[in-house]
Amino acid sequence: MELTLDRLNKKFGDKIAVNNVTAVFTNGIYGLLGANGAGKTTLMRMICDVVTPTSGKILADGDRADKLGENYRKLLGYLPQNFGYYPDYTAKEFMYYIAALKGIPKRQAKHQAKQLLELVSLSTVADKKIKTFSGGMKQRLGIAQAILGNPKILILDEPTAGLDPRERVRFRNLIADFAQDKIVLLSTHIVSDVEHIADDIIIMKNGKFILSAPAGEIVHEMDGKVWECSFPNEKADEICSRHCVANLHHGKDGRVFMRLISGQKPSSNAVLAEPSLEDLYLYHFQNSKGGRRK
């Protein structure tokens, strides 16, 4: 399977939400990182045929998605950021409803719904109304409905919102298993959600892809920019105002230990540290409140 975005643009009035994005996706997991407002959700809604591009095109195996119509939508599984549901439906009824929308035959729908509700640990509440579910349970139901029909392209927008740490690990493992022969585009601003499962990382800012590389290589952009050092406690505010601080810890000896992101050595006692994906994210999205990019 190949999904191509060709010079994709979307404007809302004078605001450019997605700015000339071109990319080719093949089977694998793509982690789409970006701050709120970067354009991630608009891009995903265009891919899922919910929002019409202002210009550009989307191709599935070389065919225009807008010409394929229903055949294109059958390829898709989608979990939007604000997952909508019918509160008086039970989990099982909701899965049957989504299966009907996807054109899945009844017998197959029942089998898949049972399997997927077990997979996301909702089988014991399959006959409970969704309005009684916690936020995490609703999100797990959203993940299950997205996978219904075994889609070739899975679009997940902030899929771990509302999940506790154990559920997030379970979700990551589930997606890793599911994505072996599919395209999965997972949008998040939580770095750990993609750090260990994504094959490729894409960083989106101001409607554009500013970086795209294999997960194991992309952090090398930060080589020589991540430092560990310590300062007297009274200097902490000054250092934070001049540098992007990834982490700090106040010791009992009156010193503060910091992990800093800086293009230049920040102090005489600073030593280079191995960069992480979180360092890369902070480098591109750090705001003035917590320090500044150097």
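The values are calculated or read from the model by the stated rules, or taken from the named source; none is laboratory data. Just so we're clear, the structure is a prediction, and the values are computed from it rather than from any experiment. Cβ: placed from backbone, ideal geometry, glycine included. Neighbour counts: every protein chain shown. Remember, those area values only see protein heavy atoms, side chains included, never the ligands or the DNA or RNA. Shrake-Rupley method; radii C 1.70, N 1.55, O 1.52, S 1.80 Å.
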| In the chain, which helices (entire DSSP H runs) extend 18 Å or more along their own long axis, judged by Cα positions, while averaging at least -1.0 on the Kyte-Doolittle scale? | 135-147, 165-178
| remark: In the chain the accessible area split gives carbon plus sulfur, as whole percent at 1.4 Å, a share of 48
| task | Would you list, by chain and number, the aspartates and glutamates whose Cα falls below 13 Å from the Cα of LYS128, excluding same-chain residues fewer than 8 positions away? | result | ASP88, GLU93
| task | Largest first and to the nearest Å, give the Cα extent of the chain along each principal axis. | result | 69, 44, 35
| message | Quick check: residue separation of GLU93 and ASN36 times 0.36 nm, minus the Cα distance between them. What number comes out in nm? | response | 17.2 nm
| All Cα pairs of segment 58-204, percent lying beyond 21 Å | 44
| request: Would you kindly state how much longer the chain becomes between ASN9 and LYS208 on full extension, computed as 0.36 nm times their sequence separation minus their alpha carbon distance, in nm to one decimal? | output: 70.7 nm
| Using helices alone, what [θ] at 222 nm do you get for the chain, with -39,500 (n - 2.57) per DSSP H run of 4 or more residues, divided over all residues and rounded to the nearest 500? | -8500 deg cm²/dmol
| field | Spin-label pair GLU234/GLN264, simplified geometry with 7 Å Cα→Cβ offset, distance in nm | value | 2.5
| query | Looking at the square roots a ≥ b ≥ c of the eigenvalues of the Cα gyration tensor of segment 124-175, which shape do they give, rounded for a/c under 1.5, prolate if a/b is larger than b/c, or oblate? | reply | oblate
| Of ASN20, LEU101, MET44, farthest towards positive along the dipole that unit charges on Lys, Arg, Asp, Glu beta carbons give the chain | LEU101
| task | Note down the nm distance, to one decimal, between modelled labels 7 Å out along Cα→Cβ at ASP63 and at ASP127. | result | 4.2
| Accessible area expressed per residue, segment 1-142, with surrounding protein chains retained (probe 1.4 Å, Å²) | 53
| request: With 31 Å as the limit, write out which pairs from LYS182/LYS225; LYS40/LYS74; LYS110/LYS205 have Cα-Cα distances beyond it, or answer none. | output: LYS182/LYS225; LYS110/LYS205
